[in-house]
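A.B. asks: Sharing a structure here in structure tokens format.
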């Protein structure tokens, strides 16, 4: 709207405010004719379909499944919208005017739309199939609504021991889609099977081997996930392999020593921002996305030399949606997820290093990892502060998307402030980035060595 020195006046809806120009990029906006409003449509949900109930205030609707798509409107808590389809974690819904839009699946709950009132008893035309002749005395019967049960079934869980190694063979009658992660205190290994029915699998399967006490089973709905939890007797290395026909998953469990450190561990590195998303920018033009990527690549090189398997959300200047980043990590069954960023603040005097994790009691799947997530954050923060010598902001909790949607222990690192002139210069220096990378790698190694 206007500019005063290094500050720009902006407008969002009916609200105006000021933002530092080194934190934004300014682009010309083409005026395009507004599309005519869609004619009113019957917004009554179709009987028998699911309805998405909005669980938070002022939620954005999107034109497509992801935050990279334009905002198509907003809805308030309690609004009920019929579900059209799904794509990953996103749900396509029908708006009140009948037009489609997308909403994040973790911001809604799902309910079945009640059946419409039944017609008069003497009118049987609403029933499917052949109808009895009037006055015949035959009463058609209806199948009761059945709870969803996946077509794929868990056929067997076989446990054996050979040469101090435990083998667990998980067999299904359909292709297996899975992810895994580890937990400590106590030691556990978790296997999630997507859309597989446990059928007659016991809730507890005794193992009685040197490394595995038992296997516990359970499931959750929406989406339907069956979970197998291996209760380990000590820290152990687990090698996972899927059979060529994708119907058998084999876990090979063997002893490890703390000195093994990173060998064989799967580490997922997430360089923040990228592509058209520069992240924050310093007053002298340093772009956060470039700093993040360079440090990430340096960390990967160090970890690989120590035997870790390293995966990336991006290894070049590419934009990746936030939820795609954690989907990739979840699909890779990474042991840890580490997101690397540089911080910014309108107050340019602020500087320092911080590390975030997220494990609220309200989300049991994350809360059960609380000790591991916090310990990973503490190990990395301690190494970064010692190596970089910046202000220790501390280990904090924050509801960042990548921390909320990663199923393994995860952290988000803010190495230093690109908005602070001194720290912008440091972040632009090769030596500082190398020290940051070495510190992050040491912190990850310390986490695994302490499991």
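Where a number appears in this text, it was derived from the coordinates with a stated rule and is not lab data. The structure displayed is predicted, hence computed values, not measured ones. Heads up, the Cβs are rebuilt from the backbone with ideal geometry, glycines too, and the neighbour counts pull from every protein chain shown.
A.B. asks: Multiply the residue separation of residue 234 and residue 99 by 0.36 nm, subtract the distance between their alpha-carbon atoms, and state the gained length in nm to one decimal.
C.D. replies: 43.1 nm
A.B. asks: Okay, moving on. Looking at region 266-449, what % of its DSSP beta bridges pair antiparallel, to the nearest 5?
C.D. replies: Antiparallel: roughly 20 percent of the beta bridges in region 266-449.
A.B. asks: Determine the equivalent ellipsoid of region 312-397 by diagonalising the alpha-carbon gyration tensor, then write out the semi-axes as square roots of 5 times the eigenvalues, largest first, rounded to whole Å.
C.D. replies: 24, 19, 13
A.B. asks: Could I ask something else about it? Answer rounded, prolate or oblate for region 152-256, using the Cα gyration tensor with square roots of eigenvalues a ≥ b ≥ c: rounded when a/c is under 1.5, else prolate when a/b is larger than b/c, else oblate. Before the final figure, lay out the partial values.
C.D. replies: Details: a/c = 1.73, a/b = 1.44, b/c = 1.20.
Prolate.
A.B. asks: Report the relative contact order of region 252-300, percent, no decimals, based on alpha-carbon pairs under 8 angstrom and at least 6 residues apart.
C.D. replies: Numbers: 30 pairs, mean separation 14.2, N = 49.
Relative CO of region 252-300 lands at 29 percent.
A.B. asks: What whole-number distance in Å separates the alpha-carbon centres of region 190-246 and region 324-338?
C.D. replies: 19 Å
A.B. asks: Do me a favour and compute the ellipsoid semi-axes for region 266-449 from its Cα gyration tensor, root of five times each eigenvalue, largest one first, whole Å.
C.D. replies: Working through the eigenvalues yields semi-axes of 23, 17, 17 Å.
A.B. asks: Normalised by the residues of region 50-112, what does the relative contact order come to in percent, with Cα pairs under 8 Å and at least six apart?
C.D. replies: 40 percent
A.B. asks: Here's another thing I want to ask about it. Subtract the Cα-Cα distance of residue 306 and residue 422 from 0.36 nm times their separation in residues, and report this length gain in nm to one decimal.
C.D. replies: 38.5 nm
A.B. asks: Here's something else I'd like to know. In Å, what Rg and Dmax follow from the Cα atoms of region 50-112?
C.D. replies: Rg then Dmax for region 50-112, in Å: 10.0, 30.
A.B. asks: A further question on this structure: Going by how many other Cβ atoms sit within 10 Å of their own, how do 419, 445, 85 line up, fewest first?
C.D. replies: On the way: 419 26, 445 20, 85 11.
Least crowded to most crowded, the residues run 85, 445, 419.
A.B. asks: Which ordering of 283, 298 is given by a fewest-first count of other beta-carbon atoms within 10 Å? Kindly include the intermediate steps, with their values, before the conclusion.
C.D. replies: On the way: 283 16, 298 20.
Ranked by crowding around the Cβ, least crowded first: 283, 298.
A.B. asks: Assuming R0 = 22 Å, can you tell me the calculated FRET efficiency for the pair residue 367 and residue 188, based on Cβ-Cβ distance, to the nearest 0.05?
C.D. replies: Working: r = 14 Å, r/R0 = 0.65.
Efficiency, from the Cβ-Cβ distance: 0.95.
A.B. asks: Where Rh denotes the Kirkwood radius from the mean inverse Cα pair distance, what is Rg over Rh for region 254-332?
C.D. replies: 1.08
A.B. asks: Relative contact order of region 141-274: what whole-number percent is it, with Cα pairs under 8 angstrom and at least 6 residues apart?
C.D. replies: Relative contact order here is 24 percent.
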